[in-house]
Amino acid sequence: VYADALPGAAGDGDRIAQRLAGKLGDRPVDPALLDLALVLLADHDLAVSTVAVRVAASARAHPYSVVSAGLGAVDGQYHGVASTLAYRFLRDAADDPLGALAERQRTGGVPGFGHRVYRDRDPRAEVLFGALRRHEAAREVMATVDAVTPGAGTFPNVDLALAALMHAFGLRPDAGEAVFALARCAGWLAHAIEEYREPGLRFRPVGVYTGERPDR
């Protein structure tokens, strides 16, 4: 449904990647690469959007509402929008890799590098980068990735790999957000199905007051 809502023609019998491939920019992305990205991004443990989905499902929200809860979390710059920030970084780094790197390091961090869970490598990024390196369309953007990685201070993550995929095929700057959200819908629904089998409302943290005690 999400893929069909995007502009562009699609055949009824096409796979999701095929239906999405021609809808993210002026020219279609390789469906095989897009399919790989969708699989790699479908689920990733208890990411913030997945926690939101689990909480909604615990309250027995309808599956459509469960997905809406996930999409709300994806809207944040530290989650679903991360690939767009990485896209802009690669765009700037194409002409001046060291300058773009230095600018991001001065202003708070390099998009597309490091991860809150992984410590030395993002296996999802390695798989997607490996596929991109075998594709002629990605030659220039992979050269940019290779130019900035040594100075980034940590490893590239899947957001950078997704941004590289978007650059390789000249897609919209925010195309990665659509790919990420569509991929994660499958994982969210799987988590929701699991959560529906658990006791309801099991996510109920208790708040602890940490402010000043009121005068008596």
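Every read-out reported here was derived from the displayed coordinates using simple, explicitly stated rules and does not represent laboratory data. Keep in mind that what you see is a predicted model, and the values were worked out from it rather than measured. Heads up, the Cβs are rebuilt from the backbone with ideal geometry, glycines too, and the neighbour counts pull from every protein chain shown.
With a simple spin-label model that places each label point 7 Å from the Cα along the Cα-to-Cβ direction, the separation between Val208 and Ser68 comes to 3.5 nm. Is the shape of segment 84-150 rounded, prolate or oblate, going by the alpha carbon gyration tensor and its root eigenvalues a ≥ b ≥ c, with a/c under 1.5 for rounded and a/b larger than b/c for prolate? Here segment 84-150 falls in the oblate category. Proximity of backbone amide H atoms, modeled 1.01 Å from N, is registered between Phe113 and Asn157 at under 5 Å, excluding neighbours fewer than 5 places apart on the same chain. Overall, the anisotropy analysis places segment 135-178 in the oblate class: the square-rooted eigenvalues a ≥ b ≥ c of its C-alpha gyration tensor yield a/c not less than 1.5, with a/b not exceeding b/c.
Taking a Cβ cut-off of under 11 Å around Gly25, the surrounding Lys, Arg, Asp and Glu residues balance to a net charge of +1, with basic ones at +1 and acidic ones at -1. For the chain, averaging the sequence separation of C-alpha pairs within contact (under 8 Å, six or more residues apart) and dividing by the residue count gives a relative contact order of 30 percent.
Assuming a ≥ b ≥ c are the square roots of the Cα gyration tensor eigenvalues, decide whether segment 169-216 counts as rounded (a/c under 1.5), prolate (otherwise, with a/b larger than b/c) or oblate. Taking the square roots of the gyration eigenvalues as a ≥ b ≥ c, segment 169-216 is oblate. Taking θ as phi - 60° and the Karplus parameters 6.51, -1.76 and 1.60, the scalar couplings of segment 207-214 work out to x, 10, 6, 10, x, 6, 6, x Hz in sequence order, x denoting glycine and proline.
Between Thr154 and Glu126, 0.36 nm times their residue separation minus their Cα-Cα distance comes to what?
On the way: separation 28, 0.36 × 28 = 10.08 nm, distance 1.38 nm.
Fully extending the segment from Thr154 to Glu126 adds 8.7 nm.
Computed from the C-beta positions of Thr107 and Asp146, the FRET efficiency with R₀ = 30 Å rounds to 0.85. Sequence-distant contacts, meaning Cα pairs under 8 Å at least 6 residues apart, place the relative contact order of segment 67-193 at 36 percent. Peptides 168-174, 204-210 ranked from most to least packed, by the mean per-residue count of other Cβ atoms within 10 Å: 168-174, 204-210. Between Asp215 and Ala186, the distance separating the two model label sites (each 7 Å from Cα on the Cα→Cβ line) works out to 6.2 nm.
For Asp30, no residue whose modelled amide H falls within less than 5 Å of its own remains once neighbours fewer than 5 places apart on the same chain are excluded.
Taking the Cβ-Cβ separation of Asp95 and Arg139 as r and a Förster radius of 25 Å, what is the calculated FRET efficiency to the nearest 0.05? Don't jump to the answer; show the numbers that get you there.
Numbers: r = 16 Å, r/R0 = 0.65.
That pair, Asp95 with Arg139, gives E of 0.95.
Going through (1) 19.4, 73; (2) 17.1, 53; (3) 16.3, 50, the figure that equals Rg and Dmax of the Cα atoms in Å as computed for the structure here is (1).
Peptide packing for 32-41, 108-117 was compared via the average number of neighbouring C-beta atoms within 10 Å per residue; ordered from the highest value, the list is 32-41, 108-117.
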